[in-house]
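Just so it is clear, none of the values below were taken in a lab; they were calculated from the coordinates. For clarity, every value in this text was computed on a predicted model and none was experimentally measured. Methodologically, a virtual Cβ is constructed for each residue, glycine included, from the backbone with ideal geometry; neighbour enumeration extends over all protein chains shown.
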Amino acid sequence: MFCSFCGKVLSKEFNYCPFCGTTCKDVLTFENIVKESFDSVEKVNLTQGLHRLERLESHLVELEEELTAFLSIQETE
């Protein structure tokens, strides 16, 4: 476990951090730190993926419009 204030490693039986005196109610466990890190990375990846899909959709719409314009020119000739 880690103290949420000073970041020192603590034993599970401590009620207070022996280094800074902070109560151990808000102690950070290694598992929670890793989980929070992966959760934030996953959120960033999902957000970036969504933005990429939106850009691809926009490019696809532009290409469809260009193709429609090209085909209409070909039909008039």
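Placing +1 at every Lys and Arg Cβ and -1 at every Asp and Glu Cβ, with all other atoms neutral, what dipole size does the chain have around its Cα centre, in debye to the nearest 20?
The calculation lands at about 1140 debye.
Relative contact order for the chain: what percent, with Cα pairs under 8 Å and sequence separation of 6 or more?
Here the relative contact order equals 20 percent.
Please work out the FRET efficiency for the pair residue 2 and residue 42, using the Cβ-Cβ distance as r and a Förster radius of 22 Å; give the result to the nearest 0.05. Write out the running numbers ahead of the final one.
Working: r = 22 Å, r/R0 = 1.01.
Plugging the Cβ-Cβ distance into 1/(1 + (r/R0)^6) gives 0.50.
With angles folded into 0 to 90 degrees, how steeply does helix 30-76 sit against the dominant principal axis of the chain? Use alpha carbons for both and round to 10.
10
Using only the Cα atoms, what convex hull volume per residue in Å³ does the chain have?
Roughly 82 Å³ of hull volume per residue.
Give the list, by residue number, of cysteines in the chain with no other Cys Cβ closer than 4.7 Å, or say none.
Among the cysteines of the chain, those whose Cβ sits 4.7 Å or more from every other are 24.
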